[in-house]
Amino acid sequence: MLPSQPHPLRARLARLAQQEGVTLTQVLEADSIRLQHEIVACGGGLAITAGTLTPQEAGGWWPCPSCGRCCHAPSCSA
């Protein structure tokens, strides 16, 4: 999942991919970093983001030490 063009992060990733000879396969666009984090937390794929949100700004999602996925509750029963 990538932000749509002309997002600066999307342009930077395209340049880096070209320099490294890598092809980015995009199946979804989402401009909201919060939405990207929520989709990933629900198992909807991977996102490349700037990583500037705190867990509170991302809607309370953070990596869970128990299951390794993003959870909304501090104690995970996964």
Positions within segment 3-40 being outside any loop (DSSP other than H, G, I, E, B) and in contact with a Ser or Thr (Cβ under 8 Å, 6 or more places away or on another chain), in sequence order: LEU9, ARG10, ALA17, GLU29, ILE33, GLN36, HIS37
Please specify each residue of segment 1-15 satisfying the condition of being among the basic types (Lys, Arg) and in contact with a Leu (Cβ under 9 Å, 6 or more places away or on another chain). ARG10
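Readers should treat all values here as calculations from the given coordinates under stated rules, not as data from a laboratory. Since this is a predicted model, take the numbers as computed values, not measurements. Note: ideal-geometry Cβ built from the backbone for every residue, glycine included; neighbour counts use all protein chains shown.
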